[in-house]
Amino acid sequence: MPRLIECVPNFSEGRDAAKIDALVAAMQSVEGVYVLDRESDTDHNRCVVTLAGEPEPVAEAALRGVGKALELIDLTKHSGAHPRLGATDVVPFIPVDGVSIEDCVALAKKVGAEIWNRHKIPVYFYESAAARPERVNLENVRKGQFEGVREDVLKNPERAPDIGEPRLHPTAGAVIVGARKFLIAYNINLNTPDVSIANKIAKAIRFSSGGLRYVKSMGVDLKARKVAQVSINMTDYEQTPLHRVFEMVRSEAARYGASIIGSEIVGLVPKRAIEMTADFYLKFENFSPAQVFENRLTAALTGVPLESGAGKLAALARPFLDAVAEPTATPGGGSVSAFAAALAASLAQMVAGLSRKKKSQAAYVDQLSAAVAEMHAAAAELSAAIDKDAASYDAVLAAFKLPKDIPEDARHREEAIQKATRGAAEVPMSVARKAVEIYERLGQLEAFSSASMLSDLRVARLMAAAGARGALANVAINLDSITDATFVASMRKQAGEIETRLSASSAHA
């Protein structure tokens, strides 16, 4: 089986079709490399090319693209709405099949060194390939863009490239090379030319400002179309799906009297992302990817069953497991507790949905249908709490970083810490309340669910109890740092009531 990767080089040219053709031709000249897509935008003055193939040929194709961009693009004469640091701005490598993210990191390092050796263009590493923590985020590397970094790098050692001399190439700038998971570039256009509205919306939805966990965004002025755009990068579409981003942008736009006139995908998008969005808006009942014709045809042609394909379920779980395993404070125990409770609700929904199809349970169809809807809503609420818990703790960390050198600053910092810590206790408390509701409801479901699914219900109860008790543990540790005695007493009383309900329901199981 071939080892496959994707590479999505971004070039600072979106207006000259002949130059874009030359860039693509240079990369396409490498045998074994497939150009899957090319996108260009005149307002952004940028093109994005999607390459795929085995690692070494794709790496060589990317290097040839960098060389051709050096010949064709002069950043001193370039302007566009999209931030950029180089003629070849970013070169990310993405694992597809038979390749790990660690393999892509090693490839990124090799390509970065070769860019300097061949073309004398300095290189910065980002995302999983970052050599320094502050360079994980692309926006930190690119802050100031070509013109700002060109001056700053000469006097600030902290801005020096990871490879190459401490200066930018005079016309090609620098290349930012990295390794990451699949990213969806998604733009939403508004019915207003006021870019300040797009900037406000972008701030509301991006994670760095307290928004959605796997979203990066900025406002862009599309002068040619006389509209403002919210330009978005989605770094984990399964945990923060397209429809959630779309709905939040629509809601935020309405606050400013604006609305969405259209949205677009830049480059390619996984079919799963579209299936999830269709499922959300069409409210499919018991929908499965196996019902998609192309999926079923692929399974028939390859001989790999859709529902039991090797590693399919593990692949679905892997993004969250990887996020938890990262050496970062979030997601942590609170998010895991919410996830455990969401799994309990989802398993309960499965049991109720299958039970209502059985003739033996015909008398309980109404109750089972109500349970399906109830558990679906509970799972959605708890799924959202996964991100809310992470965001609440990130707010605590941000409060601790506030200045404290003078008494006034110290007072503001302490107030911010207390407020954020209360929030970090309130989110897991809401998870615990919902989890115990599910725990009790699961006990009731045993009376009219199919007997053959009793083990599934019992697993769901164990997960709900774990979610509740795990959330309460997070509540308790935050209460230790809160000085508001009334708040602490109220929260501890609620925690005791939840523990009592868990114990009572368990005694009657």
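The set of residues from region 38-70 being closer than 15 Å to Ile94 by Cα, within 27 Å of the chain's Cα centre (by Cα) and outside any loop (DSSP other than H, G, I, E, B) comprises Val48, Val49, Thr50, Leu51, Ala52, Gly53, Pro55, Val58, Ala59, Ala62. Might you let me know whether region 245-258 holds any residue that is part of a strand (DSSP E or B), among the hydrophobic types (A, V, I, L, M, F, W, C) and crowded, with 20+ Cβ neighbours inside 10 Å? No; the residues of region 245-258 include none that is part of a strand (DSSP E or B), among the hydrophobic types (A, V, I, L, M, F, W, C) and crowded, with 20+ Cβ neighbours inside 10 Å. Listed conditions (1) touching a helix residue (DSSP H, G or I) at 6+ places or on another chain (Cβ under 7 Å); (2) surrounded by 15 or more Cβ atoms within 10 Å (Cβ to Cβ) are all met by Glu437, apart from (1). The residues of region 149-201 that are farther than 30 Å from Val269 by Cβ and not in a loop (DSSP other than H, G, I, E, B), listed by number, are Val149, Arg150, Glu151, Asp152, Pro157, Glu158, Arg159, Ile163, His169.
All of Arg206, Arg159 fail the test of being under 12 Å from the mean Cα position of the chain (by Cα) and of a type in the set (Lys, Arg), apart from Arg206. On the given criteria, is Ala61 touching a strand residue (DSSP E or B) at 6+ places or on another chain (Cβ under 7 Å), in contact (Cβ under 8 Å) with a residue 24 or more places away in the chain, within 23 Å of Val123 (Cβ to Cβ) and among the small types (Gly, Ala, Ser)? Here the answer is yes, as Ala61 does meet what is asked.
Would you say Pro92 is closer than 30 Å to Val230 by Cβ and either of a type in the set (D, E, K, R) or not in a loop (DSSP other than H, G, I, E, B) (or both)? For Pro92, the condition - closer than 30 Å to Val230 by Cβ and either of a type in the set (D, E, K, R) or not in a loop (DSSP other than H, G, I, E, B) (or both) - is met. For region 214-226, a residue qualifies if it is over 20 Å from the mean Cα position of the chain (by Cα) and either surrounded by 21 or more Cβ atoms within 10 Å (Cβ to Cβ) or modelled with pLDDT of 95 or more (or both), and the qualifying residues are Val220, Leu222. The residues on offer are Val24, Val49, Val33, and the sole one that is farther than 21 Å from Tyr126 by Cβ and in contact with a Lys or Arg (Cβ under 7 Å, 6 or more places away or on another chain) is Val24. Residues that are more than 26 Å from the chain's Cα centre (by Cα) and within 11 Å of Gly173 (Cα to Cα) within region 71-93 comprise Ile73, Asp74, Leu75, Thr76, Ala87, listed in sequence order.
Answer yes if at least one residue in region 202-213 is at pLDDT below 85 and in a helix (DSSP H, G or I), and no otherwise. Lay out the reasoning, then the answer.
To start, the set of residues in region 202-213 that are at pLDDT below 85 comprises none.
Within region 202-213, none of the residues are at pLDDT below 85 and in a helix (DSSP H, G or I).
A quick yes/no check of all residues on (1) over 23 Å from Gly262 (Cβ atoms); (2) crowded, with 16+ Cβ neighbours inside 10 Å; (3) outside the structural domain of His44 (by TED's automatic domain parsing):
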{"residue": "Arg150", "(1), (2), (3)": "yes, yes, no"}
{"residue": "Asn156", "(1), (2), (3)": "yes, no, no"}
{"residue": "Pro161", "(1), (2), (3)": "yes, yes, no"}
{"residue": "Gly164", "(1), (2), (3)": "yes, yes, no"}
{"residue": "Thr192", "(1), (2), (3)": "no, yes, yes"}
{"residue": "Ala198", "(1), (2), (3)": "no, yes, yes"}
{"residue": "Lys203", "(1), (2), (3)": "no, yes, yes"}
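Residues in region 467-483 include at least one that is surrounded by fewer than 15 Cβ atoms within 10 Å (Cβ to Cβ) and over 33 Å from the mean Cα position of the chain (by Cα). For region 231-272, filtering for residues that are over 22 Å from Lys181 (Cβ atoms) and touching a helix residue (DSSP H, G or I) at 6+ places or on another chain (Cβ under 7 Å) leaves 7. Scanning region 484-493 for residues that are of a type outside the set (Val, Ile, Thr) and either more than 33 Å from the chain's Cα centre (by Cα) or more than 21 Å from Val436 (Cα to Cα) (or both) gives Asp484, Ala485, Phe487, Ala489, Ser490, Arg492, Lys493.
The values are calculated or read from the model by the stated rules, or taken from the named source; none is laboratory data. Since we're looking at a predicted model, the values are computed, not measured. Methodologically, a virtual Cβ is constructed for each residue, glycine included, from the backbone with ideal geometry; neighbour enumeration extends over all protein chains shown.
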